[in-house]
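Everything below concerns the one structure shown next.
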Ligand code: ATP
Ligand code: MG
């Protein structure tokens, strides 16, 4: 994409009400625009990142056999009356009446809708286990929307729901998702910390939150340093669930310093952003909504269920919280809106323009996600804009390039520069 064709606008300052760094950087680099309180428009650059995160999540879900669907955002109230949650949910739920005076709502989550779907389509134990998931917009009328898309009112969530024949199988589905989430967050370029939120399948309860460490995280998290050590040694996603469960983790009030057995020197306390949350809750919805399935022995039974959420739009902010410096965002390659940017410092120089155009065309034909900053701005303006929007690799065309046809390749994160020939540049860019 040439920047002359791309709708992009950067700002020197962020509004004073934007307090946290990710919110400030998202506004300054024009990723989002607040349409009204807690409700955002995703601008071209922001949407590119959001879509990349979405694609990684979908890929990892599909890989473990989850079935992608898309449920409606508007739901009938009667499902929630059936499940018993209609009154409990309170003011976070946006309640709507249609022209026939029927009660509808904008979905804050989809357990009821998916259970209704399952009672229509899942009739036999042979169809189990089944996991459905979707990536869709939710609405929660948060009492205090803040930090930009970190806590919005309308936000993008990946929500998944598992249906199993019995508790053992349900826990198996839960573990499958647990590991898939670890891999997903790592592929996005983050270090996930699964925090035990409820343990013990007895009583049908098992739950983990996935946190990303950041100073601005809304939760206080505690975990045994063993977690970091094991992660560094083997990669936490390669460790058995039972081993991970042995490592002490807790968030907020669930942590009790008097009963916690981890010695203070081994206990890490920091702040976390909750980017995912998974639950095993048994037959809560299958029973209340009468989802019955014919068992092997012919007897009908209520399937065991779990639900699994990832805050897709919140992840964009979390990635920035974990990857930035004083100049701006530093996107991990996997989710960068563009992988490389071509910047020419030589304005009104036909040779430089020709060289840049030739490189741009070559990168396009090599399928490189490339941005070409072809503005006739001062080099300093271009550099500070590109540092701000955080394209991870910069290819710079300077005075020398015009003479020898070589480029300077600069890594946004480390600042390391190298001189590359035309062909070296193309193959390096194609290899990212
Ligand atoms: P929180 O504790 O942050 O309010 P939650 O526990 O209510 O979140 P879940 O119902 O577990 O949220 O939803 C799954 C995921 O959706 C969360 O882990 C979070 O990443 C994301 N999420 C929840 N609420 C919001 C919001 N208002 N804005 C953006 N993302 C959100
Ligand atoms: Mg939660």
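For the chain, the longest principal axis of the Cα atoms and the long axis of helix 167-188 meet at an angle of about 10 degrees. With all distinct Cα pairs included, what does the Kirkwood hydrodynamic radius of the stretch 358-402 come out to in Å, to one decimal, could you say? 11.8 Å is the Kirkwood radius here.
The stretch between residue 257 and residue 327 holds 21.3 nm of extra length on full extension. This uses 0.36 nm per residue minus the Cα-Cα distance. What is the helix-to-structure angle for 379-389, meaning the angle in degrees between its Cα long axis and the longest Cα principal axis of the chain, kept from 0 to 90 and rounded to the nearest 10? Once rounded, the angle reads 10 degrees.
In terms of overall dimensions, the C-alpha atoms belonging to the stretch 218-370 reach 77, 52, 29 Å along their principal axes, ordered largest to smallest.
Taking 81, 177, 395 in turn, the Gaussian network model of the chain (Cα-Cα springs below 10 Å) assigns the largest fluctuation to 81.
Provide the FRET efficiency to the nearest 0.05 for the residue 413-residue 74 pair, computing r from the beta carbons and using R0 = 45 Å.
Working: r = 43 Å, r/R0 = 0.95.
E(calc), rounded to 0.05, equals 0.55.
Within the chain, all pairs of alpha-carbon atoms sorted by distance into 10 Å bins from zero give the percentages 4, 19, 26, 23, 16, 8, 3, 0, 0.
Would you mind estimating how fast the stretch 282-432 diffuses translationally, via Stokes-Einstein at 10 °C and 1.306 mPa s with the Kirkwood radius over Cα pairs, in µm²/s? Mind dumping the intermediate values first?
Details: Rh = 18.4 Å.
Here the translational diffusion coefficient equals 86 µm²/s.
Between residue 88 and residue 423, the modelled label-to-label distance comes to 6.7 nm, taking each label 7 Å out from Cα in the direction of the beta carbon. Using the Cβ-Cβ distance between residue 59 and residue 142 with R0 set to 25 Å, the FRET efficiency works out to roughly 0.25. Note on residue 99 and residue 292: with the Förster distance fixed at 35 Å, the Cβ-Cβ geometry gives a FRET efficiency of about 0.50. Over all Cα atoms in the stretch 1-113, the spread is summed up by Rg and Dmax: 19.1, 54 Å.
Please report, largest first and rounded to whole Å, the three semi-axes of the ellipsoid equivalent to the stretch 323-362, where each semi-axis is the square root of five times an eigenvalue of the C-alpha gyration tensor. Walk me through the numbers before you get to the answer.
Working: eigenvalues 147, 40, 4 Å².
Over the Cα atoms of the stretch 323-362, the semi-axes work out to 27, 14, 4 Å.
Among 67, 348, 406, the residue with the largest mean-square fluctuation in a Gaussian network model of the chain, with springs joining Cα atoms closer than 10 Å, is 348. Label separation (residue 172 vs residue 13): 6.1 nm, computed from points 7 Å beyond Cα along the C-beta direction. Going by alpha carbons, how many degrees (0 to 90, nearest 10) lie between the helix axis of 111-121 and the longest principal axis of the chain? In the chain, helix 111-121 runs at an angle near 70 degrees to the longest axis. Pick from 422, 178, 121: which residue has the top mean-square fluctuation in a GNM of the chain where Cα pairs under 10 Å get a spring? Of 422, 178, 121, the most mobile in the Gaussian network model is 121. Dividing the summed -39500 (n - 2.57) terms of all DSSP H runs of n ≥ 4 by the residue count of the chain sets its mean residue ellipticity at 222 nm at -10000 deg cm²/dmol.
Just need the Rg to Rh number for the stretch 221-276, please, alpha carbons only, Kirkwood Rh. If you can, show how the numbers build up before the last one.
Numbers: Rg = 11.6 Å, Rh = 12.1 Å.
Rounded to two decimals, Rg over Rh is 0.96.
A short reminder: the numbers here are calculations on the coordinates, not readings from a lab. Note that the structure is predicted; figures quoted are calculated from it, not measured. For neighbour counting, all protein chains shown are included, and Cβ atoms are generated from backbone atoms with ideal geometry for every residue, glycine included.
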